[in-house]
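Heads up: the structure comes next, in structure tokens.
Quick note: the coordinates plus some simple rules give every number you see, no bench work behind them. Everything numeric here is computed off the predicted structure, so don't read it as measured data. Counting neighbours? That spans all protein chains shown, and the Cβs are built from the backbone with ideal geometry, glycine included.
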Amino acid sequence: MLAKLPTLISRALLELRSRTTLSFLKQIHALLITASFSCDANVLARILRSAALSLPGDIDYASLLFHRIECPGISLWNAMLQGHSLRSQYDAAVSQFIEMLQNADSFVQNSLLWCYAKGCCLESARKLFDEMPQRDAISWNAMVQVHVKNNFPELALDYFIKMRSSCAVIDEMIIVSVLNGSSMDGNIWLGRSIQAFYVESERVKRDVFVGSALVDMYVKCGCCFDARKAFDEMPFRNVVSWTSLISGYVQCNRFKEALSIFRSMLVNGPNPNQLTLSSIFIACAHLGALEQGRWVHSYMDRIGMELNSVVGSTLIDMYAKCGQIDDAFSVFHRLPNKDVYSWTSLINGLALHGLCIECLHLFSQMLQQGVKPNDITFLGVLGACFHGGLVHEGKIYFDRMQKVYGIKPKIEHYGCMVDLLGRAGHLEEALCFIESMPKEPSISIWGALFGACMIHRDFVLGEKVGKHIVGMKPEQSSGYLLLANMYSASKRWKEAASMRKAMRVRKVEKVAGCSWLELNGVLHEFLASDGSHVQAEGIYETLAGITILMNLEEHG
């Protein structure tokens, strides 16, 4: 019989591939012990997992096997932890976890720490990090990243400072994480220091990841010149670095320059991705650059780029803001998966053009499809109510936004409600609404009420609101100009002159307005009272003629 044992064991081990019941696995284990065979680690692991993870299973048997295995891997530790949890043995699970921390090597601990970092499990990461006997660069980097991902940039930077004191090696990965934290925190000083001490001195390599992080940090801190300089100094640029620069310029409202960089990318750089084109469509939307937006759209089709929700939403927004509602609908219907952003882009586009009924109908369709609206969606819905004069409906939507969808109103939502009430002539109700706001009303809120007072020629309330605006920001020109215009409209010339005099005495300067016009694919920029355009003389003559015609029509 003993002579046949090796053959029996070989046949039994082959059966492991198809038979996995716990009782069968226990028989194999007993056979191995009886024959004094040293157990194969894979066989023991198979038996252990079955005992721990099946129900009813045998967690005590699994624990016995576990402590017979030398240097169990992370998967077996996890199996034991899960086995205790399945049986609600939480004290045993915690004890097992502590045992793992005490026995695990740095590789296992760092692997678990990175799992917490990627899953944004902040408290678990902190607990594990604090109990680690040894911490290396990987451990510190994980802690920096988990705090960045959880929107605690200050704490992330604190960990970096502690890391420097621990003499751990500073590498490219940690520099990228710290630069990301600096950009979130708006800490341009630290970002510049990191660049000077580690990058410029070549303590770390200026690779594409470090370079892209520098570009991203500078643009998010509003320093486009420094971002461009960091970009130009990169030895190699990939699509991420190009996209970081373009999206940064868009975020800083430097739309023409973003388009210029994009054209350079097409000539000298890699093919753009969906995030690149998404930023370009945003720039075209703000500039009203319809022809350039159409060209980029056709380019996207030519290279066979997938129309996903990210680029689709910005493309819808671009067409809508350029007045091409049919094209916006066409893109919307082509989207294979319509998320809240694509629905919202079209809803806001319809609201922008005063298509109240169509907007609210689309919003109803969105809800029927089970898509939950966000705060931007409700800006479009409230805007549609404003254009349609639907005061009652607007109040209902504003109430549902909070009570049904749990969306806390932002200052823009309050502004929509003030616009809605004011346009309908409910000036006192609008004033009471402002005074009952849970947050401090901004100048834009008071400005909306002032505009309604001008429309309905309530100069008494308008004067009170205008003076309040001046008191809020005496260094800005908006309040003085609003009051001056109101006094002029009510033929109170002396008061109008006093407002302009007050601006001169207080050295308050009016910020010049700026607009763009696309003609034959070329963007033209105009500033108020600007005579630098090559056709300025003809433009001003045409404007003067239009003004005369408007005055003639106004006075019959």
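In the calculated pair distance distribution of the stretch 279-396, what percentage of Cα-Cα distances lie above 20 Å?
39 percent
What shape does the stretch 358-410 take by its C-alpha gyration tensor, where a ≥ b ≥ c are the square roots of the eigenvalues and a/c under 1.5 counts as rounded, a/b above b/c as prolate, and the rest as oblate?
oblate
Could you sort 474-484, 270-280, 239-249 so that the peptide with the highest average Cβ count within 10 Å comes first and the rest follow in order?
239-249, 270-280, 474-484
Across the stretch 426-437, in residue order, what do the Karplus-derived ³J(HN,Hα) couplings come to in whole Hz, using 6.51 cos²θ - 1.76 cosθ + 1.60 with θ = phi - 60° and x for Gly and Pro?
8, 5, 5, 5, 5, 5, 4, 4, 5, 5, 9, 4
PRE reach from Ser193 (point 7 Å along Cα→Cβ): which of the stretch 150-164 fall under 13 Å by backbone N?
157-164
State the extension gain, in nm to one decimal, for the chain segment bounded by Cys121 and Leu481, taking 0.36 nm per residue of separation less the distance between their alpha-carbons.
Between Cys121 and Leu481, full extension yields 124.4 nm more.
What does the charge count around Ala168 come to, taking other residues whose C-beta lies under 10 Å from its C-beta (Lys +1, Arg +1, Asp -1, Glu -1)?
Spelling it out: positives minus negatives among the neighbours equals +1.
Any number yet on Rg/Rh for the stretch 416-511, C-alpha, Kirkwood?
Looking at the stretch 416-511, the ratio lands at 0.98.
Going down the list Lys149/Lys408; Lys321/Lys395; Lys403/Lys439; Lys256/Lys408; Lys395/Lys491, which pairs span over 29 Å between their C-alpha atoms?
Correct reply: Lys256/Lys408; Lys395/Lys491.
For the stretch 472-481, in order, what is each residue's ³J(HN,Hα) by Karplus, 6.51 cos²θ - 1.76 cosθ + 1.60 with θ = phi - 60°, in whole Hz (x at glycine and Pro)?
Rounded to whole hertz, the list is 5, 9, x, 8, 9, 7, 4, x, 4, 5.
Output wanted: per-residue J couplings in Hz (rounded whole) for the stretch 369-377, from phi through Karplus 6.51 cos²θ - 1.76 cosθ + 1.60, θ = phi - 60°, x for Gly and Pro.
So the J values, rounded to whole Hz, are 7, x, 8, 7, x, 10, 5, 5, 4.
Using per-residue counts of other Cβ atoms within 10 Å, averaged over each peptide, order 172-183, 198-209, 255-266, 444-455 from highest down.
Result, highest mean first: 172-183, 444-455, 255-266, 198-209.
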